Amino acid sequence: MEVKVCKNCKRLFNYIYGPDLCQECAKLVPTEGKERVSRDLTSSLKPIVKDDEEKFEQVRDYVMANPRATISQISEVNEIKPSKLFEWVRDERLEFAENSKHAWFECEKCGVKINSGRLCNRCKIKYKS
């Protein structure tokens with residue numbers, strides 16, 4: 001587990017996955033499978049965090065509808081910097097289809113191709129213990 005600073009409230013929290021938000025602030029973000037949070041709750045998110053989460057949802061929906069899209073296509077269509085896409089992929093928030101030849105990344109330890117995160121499954125297991 002990693003300790004991060006919440007982008008919204010600036011508190012330290014144990015980061016597991018998802019947006020860089022503590023558990024309390026993460027509850028304010030509407031997610032798939034959950035009913036949309038009321039506007040009163042989402043209004044307590046800072047505008048930059050709220051915009052970032054809305055953009056993430058837009059990109060996620062686009063990637064799901066266009067699984068073979070390249071980073072440049074996703075970036076151009078959704079008007080977002082490729083560096084932000086890479087951040088979401090490295091944080092395992094976005095994952096590209098296995099048949100997407102343009103969206104592969106390398107494990108930071110062994111160099112094998114992966115489609116999300118920083119480490120391949122083998123290295124995750126190896127370095128977890």
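The numbered conditions (1) surrounded by fewer than 14 Cβ atoms within 10 Å (Cβ to Cβ); (2) closer than 19 Å to Ile16 by Cβ are all true for Met64 except (2). Evaluate region 121-128: report whether one residue or more is assigned to a loop (DSSP other than H, G, I, E, B) and either crowded, with 16+ Cβ neighbours inside 10 Å or of a type in the set (Gly, Ala, Ser) (or both). The answer is no; no qualifying residue exists. Here region 6-28 is the region considered, the condition is being surrounded by 13 or more Cβ atoms within 10 Å (Cβ to Cβ) and among the hydrophobic types (A, V, I, L, M, F, W, C), and the residue that is nearest to Leu85 (Cα to Cα) is Leu21. Tell me whether region 40-60 contains one or more residues that are among the acidic types (Asp, Glu), at pLDDT below 80 and farther than 30 Å from Lys128 by Cα. Yes, because at least one residue in region 40-60 is among the acidic types (Asp, Glu), at pLDDT below 80 and farther than 30 Å from Lys128 by Cα.
Within region 82-115, the residues that satisfy the criterion of being at pLDDT 85 or above, farther than 15 Å from Pro19 by Cβ and either part of a loop (DSSP other than H, G, I, E, B) or basic (Lys, Arg) (or both) are Cys107, Glu108, Lys109, Cys110, Gly111, Val112, Lys113.
The values are calculated or read from the model by the stated rules, or taken from the named source; none is laboratory data. These numbers come from a predicted model, not from an experiment. Every residue, glycine as well, gets a Cβ built from its backbone with ideal geometry; the counts of neighbours run over all protein chains shown.
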